[in-house]
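Q: Encoded as structure tokens, here's the structure I'll be asking about.
The values are calculated or read from the model by the stated rules, or taken from the named source; none is laboratory data. A quick note: this is a predicted structure, and the numbers were derived from the prediction, not measured. A quick note on method: Cβ atoms are made from the backbone with ideal geometry, for glycine too, and the neighbour counts reach across all protein chains shown.
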Amino acid sequence: MESTARERLNAEMAEEQERLRYLKGFFQGESMPDMLDDAMHMESVRFAGTLADRSARRLSALRKLSSGGAVEERFCEDCGERIPLSRILAAPECVRCRDCQALRDGESVTPKDAED
Ligand SMILES: [Zn+2]
């Protein structure tokens, strides 16, 4: 089902591209109604800037993924499990499965064995 993975990746890239274009519109003030006052405008532009940076990073990671050959073959650095495509698309730079990443981040850590 490699074509399906490829199609999903292409769809994600198109979506991210569209989001980035929309966010960049804020800097030209095109999508900014006149009724907003300056403070709100500045706040919105700053927020859009943060989102645009994130969007651009994800888009470039997706492009790298797209040019890198196999889209769906990636294995967790820690446990060796295959990382689901949905996670790769959501976080193209991830090297761990969701569980292992959560452990690394210190979220909901469940101790497996008591230390000797
Ligand atoms: Zn893992």
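Q: Exactly one condition in (1) surrounded by 12 or more Cβ atoms within 10 Å (Cβ to Cβ); (2) modelled with pLDDT of 80 or more is not met by residue 32; state its number.
A: Going through (1) surrounded by 12 or more Cβ atoms within 10 Å (Cβ to Cβ); (2) modelled with pLDDT of 80 or more one by one, residue 32 breaks only (2).
Q: Among the residues of region 64-111, what is the count of those that are assigned to a helix (DSSP H, G or I), of a type in the set (Lys, Arg), more than 10 Å from the ligand (Cβ to nearest atom) and surrounded by 14 or more Cβ atoms within 10 Å (Cβ to Cβ)?
A: Initially, region 64-111 is screened for residues assigned to a helix (DSSP H, G or I), giving 64-67, 85-90, 98-104.
When the remaining residues are screened for being of a type in the set (Lys, Arg), the result is 64, 87, 98, 104.
Add one more test, that the residue is more than 10 Å from the ligand (Cβ to nearest atom), and what stays is 64, 87.
Next, only the ones that are surrounded by 14 or more Cβ atoms within 10 Å (Cβ to Cβ) stay: 87.
Residues flagged as assigned to a helix (DSSP H, G or I), of a type in the set (Lys, Arg), more than 10 Å from the ligand (Cβ to nearest atom) and surrounded by 14 or more Cβ atoms within 10 Å (Cβ to Cβ) within region 64-111 amount to 1.
Q: Filter region 64-83 for residues that are at pLDDT below 95 and touching a helix residue (DSSP H, G or I) at 6+ places or on another chain (Cβ under 7 Å); which is farthest from residue 13 (Cα to Cα)?
A: Selected residue: 74.
Q: Is there any pair with a first residue in region 92-103 that is over 19 Å from residue 9 (Cβ atoms) and charged (D, E, K, R) and a second that is assigned to a loop (DSSP other than H, G, I, E, B) and within 8 Å of the ligand (Cβ to nearest atom) whose Cβ atoms are under 7 Å apart and which are 6 or more apart or on different chains, and what are they?
A: Correct list of pairs: 96/76; 96/77; 96/78.
Q: Provide a single number: the residues in region 12-26 that are farther than 27 Å from residue 72 by Cβ and part of a helix (DSSP H, G or I). Show your work before the answer.
A: Applying the first criterion (farther than 27 Å from residue 72 by Cβ) to region 12-26 yields 21-26.
Retained after the next criterion (residues that are part of a helix (DSSP H, G or I)): 21-25.
Residues meeting the conditions: 5.
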